[in-house]
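Undergrad: Structure incoming, see below.
Just so you know, all these numbers are worked out from the coordinates, no wet-lab data involved. These numbers were taken from a predicted model, which means no experiment stands behind them. No Cβ is skipped: glycine too gets one built from the backbone with ideal geometry, and neighbour counts run over all protein chains shown.
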Amino acid sequence: MIDIKVAWAAMGGDPALASYVSTVTRQGTLEARLPVRELARACVGACALAAAELGARRAGLAEVPGVRVDDGAVATAFVSERHLLIDGRAPVTFAPLSRFWRTADGWVRTHANYPHHRARLLGALKLPGDASVADVAGVLAERSALEVETAVYGAGGLAVALRTAEEWAAHPQGAAVAGRPLVERERLGS
C-alpha cells in the first residue's frame, strides 16, 4: 500500500518530516477497487510536503510548516476535468473509441484519441475507417481481451487487456514493475 510515508521516502525525503503531514479522510471519495484515494493522497501529500520544505528553506525558516491533505480537495483535483464546463457544456475529452470495452472473456481499454491511433485500432480489428462505436463493440464482444491487446499493439495501436491483481503480478511487465522502486532518480547527460 502506498501511503504518504512510503511516497515521501521514495522521493528521498527526510523521514522525520513525514509526520508533518496530517490528513482529513473522507469516505466516498475516489472510490475504486484499487487504492486510488490512498495513492492520490500519498502523491499530493508528498508533493505538498516537498513544497513546504522548499519554501521553508528558501525563506530561511528553522521549521518546515505542517501540511494538511484533505481527501475532498484531492478528489476534486484528481477529477477536475469532469467539472469543467465550456459555454455551459462539458467538453469532449476522450474520443468515442477511447474507452473500456466488453470482450468475450473480460474487458479491454482502448486509446483512439489521435487519428493514427484510431486508424491502427480499426485496422487491427479489420474495420473500415468510418466504423461506429456499435461496430467496434460488436467485433470486440467476439474476441478475447488478450487477443485484442496483441492485435492492436501489433498494429502500432493502444489497447490493454484488464487483468486481476494476480494476473498482473504474473505478467512479465507486472513482475518488472514490482521489482522497481516507486521513484527512481538518475542524472542524464552532464
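Undergrad: First select every other residue whose beta carbon is under 11 angstrom from the beta carbon of A46; then total the charges, Lys and Arg +1, Asp and Glu -1.
TA: Computed value for this residue: 0.
Undergrad: What relative contact order, as a whole-number percentage, does segment 127-181 give when Cα pairs under 8 Å and 6 or more residues apart are counted?
TA: 19 percent
Undergrad: How much net charge surrounds V152 when only other residues with a Cβ under 13 Å from its Cβ are counted (Lys, Arg +1; Asp, Glu -1)?
TA: Overall, the nearby charge balance is +3.
Undergrad: Only four residue types carry charge here, +1 at the Cβ of Lys and Arg and -1 at the Cβ of Asp and Glu. Report the dipole size of segment 34-81 about the Cα centre in Debye, rounded to the nearest 20.
TA: With Lys and Arg at +1 and Asp and Glu at -1, about 140 debye.
Undergrad: Below 8 Å between Cα atoms, with a sequence gap of 6+, how large is the relative contact order for the chain in percent?
TA: This gives 17 percent for the chain.
Undergrad: Still on this model: What value, in deg cm²/dmol to 500, does the helix sum -39500 (n - 2.57) over DSSP H runs of n ≥ 4 give at 222 nm once divided by the residues of the chain?
TA: After summing the helix terms and dividing by residue count, I get -12500 deg cm²/dmol.
Undergrad: Under a plain spin-label model, where a point goes 7 Å from the Cα along Cα-to-Cβ, how far apart in nm are D70 and S22?
TA: 1.3 nm
Undergrad: Can you give the local net charge around A18? Use residues other than it whose beta-carbon is closer than 12 angstrom to its beta-carbon, Lys and Arg +1, Asp and Glu -1.
TA: Here the charged neighbours net out to -2.
Undergrad: Another question about this same structure. For a test of the definition: using alpha carbon positions, the gyration tensor, and the 1.5 limit on a/c, classify segment 80-190 as rounded, prolate or oblate.
TA: Verdict is oblate for segment 80-190.
Undergrad: With springs only between Cα atoms under 10 Å apart, run a GNM on the chain and tell me which of G154, G45, G88 wobbles the most.
TA: Answer for the Gaussian network model of the chain: G88.
Undergrad: I need the phi-derived Karplus couplings for segment 49-56: 6.51 cos²θ - 1.76 cosθ + 1.60, θ = phi - 60°, integer Hz, Gly and Pro marked x.
TA: Working through the residues one at a time gives 5, 4, 5, 5, 5, 4, x, 5 Hz.
Undergrad: Could you please tell me the mean projected area of the C-alpha convex hull for the chain, averaged over all directions and given in square nanometres to one decimal?
TA: Spelled out: convex hull of the Cα atoms, projected over all directions, averaged, 16.0 nm².
Undergrad: Once you have the Cα-Cα distance between K5 and A141, take 0.36 nm times their residue separation minus that, and quote the gain in nm to one decimal.
TA: Length gained between K5 and A141: 44.7 nm.
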